[in-house]
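Remarks on the structure that follows.
Coordinate-derived values only; no laboratory data. From a predicted model like this one, the values you see are computed outputs, not experimental measurements. A quick note on method: Cβ atoms are made from the backbone with ideal geometry, for glycine too, and the neighbour counts reach across all protein chains shown.
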């Protein structure tokens, strides 16, 4: 993941996934956004087809098909230092496992920052690739997800099922 990036997306693409339409955006350094979108979206736009958009789509398709557990995409994410530290920590949560907001805060060396971890999770611009869906409440209860709790539940169940198969 690159350092702070203040440039705007230079290309974007929308594609249908099992949980709805996703929109990927990129700039000159990498993927800047991957989100679920509602409503009419078109297929692609804003500049050229993009350097990494096809790879992003292919890798997300492989994830949903159960053949990919980690992603190999350049990321160009804008956020505060703390947000970027949280997003890096999220990528350390193994496929098929969950951590609490407090667990992530403790891993960052700041065990009292569970609420701040939740706020950073909420600002994660690259869903699935930066697996904020793997963070749950301390009781194991599903807490907020930018894509909606039903999608979070689906993603966690998909990963648990695949992880149990080996």
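Springs between Cα atoms under 10 Å define the GNM used for the chain, and in it the highest mean-square fluctuation of 111, 131, 74 occurs at 111. Which of these, 118, 30, 66, has the largest mean-square fluctuation under a Gaussian network model of the chain (Cα springs below 10 Å)? Greatest mean-square fluctuation among the candidates belongs to 66. Helix 149-165 versus the longest principal axis of the chain: what is the Cα-based angle in degrees, 0 to 90, to the nearest 10? Helix 149-165 and the main axis of the chain meet at about 80 degrees.
Helix-only mean residue ellipticity at 222 nm, the chain, DSSP H runs n ≥ 4 weighted -39,500 (n - 2.57), per residue, nearest 500. What is it?
So the helix-based figure for the chain works out to -10500 deg cm²/dmol.
What ranking of 141, 134 emerges when the number of other C-beta atoms within 10 Å of each C-beta is taken as an exposure proxy, fewest first? Write down the numbers at each step before the final one.
On the way: 141 8, 134 21.
Going from sparsest to densest Cβ surroundings: 141, 134.
Helix 53-65 and the longest principal axis of the Cα set of the chain meet at an angle near 50°. Taking label points 7 Å from Cα along the Cα-to-Cβ direction, residue 10 and residue 95 give a separation of 3.1 nm. Note that region 81-165 shows a convex hull volume over its alpha carbon atoms of 81 Å³ per residue.
Fewest to most neighbouring Cβ within 10 Å: what's the order for 142, 149, 19? Please report the intermediate quantities before stating the final value.
Working: 142 15, 149 12, 19 18.
Lowest to highest Cβ neighbour count: 149, 142, 19.
Relative contact order (percent) for region 81-165, with alpha-carbon contacts under 8 angstrom and 6 or more residues of separation?
Details: 102 pairs, mean separation 28.3, N = 85.
It comes to 33 percent, rounded to a whole number.
Summarising the overall dimensions of the chain from its C-alpha atoms, the Rg and Dmax are 15.4, 46 angstrom. Computed over region 53-130, the P(r) curve from all C-alpha pair distances, binned at 5 Å from the origin, holds 3, 15, 26, 21, 18, 11, 6, 1 percent per bin.
The value of relative contact order for the chain, using C-alpha pairs under 8 Å at least six residues apart, is 21 percent. Computing FRET efficiency as 1/(1 + (r/R0)^6) for residue 21 and residue 146, where r is the C-beta to C-beta distance and R0 is 22 Å, gives about 0.95. Cβ-to-Cβ counts within 10 Å put 128, 93 in ascending order as 93, 128, the fewest first.
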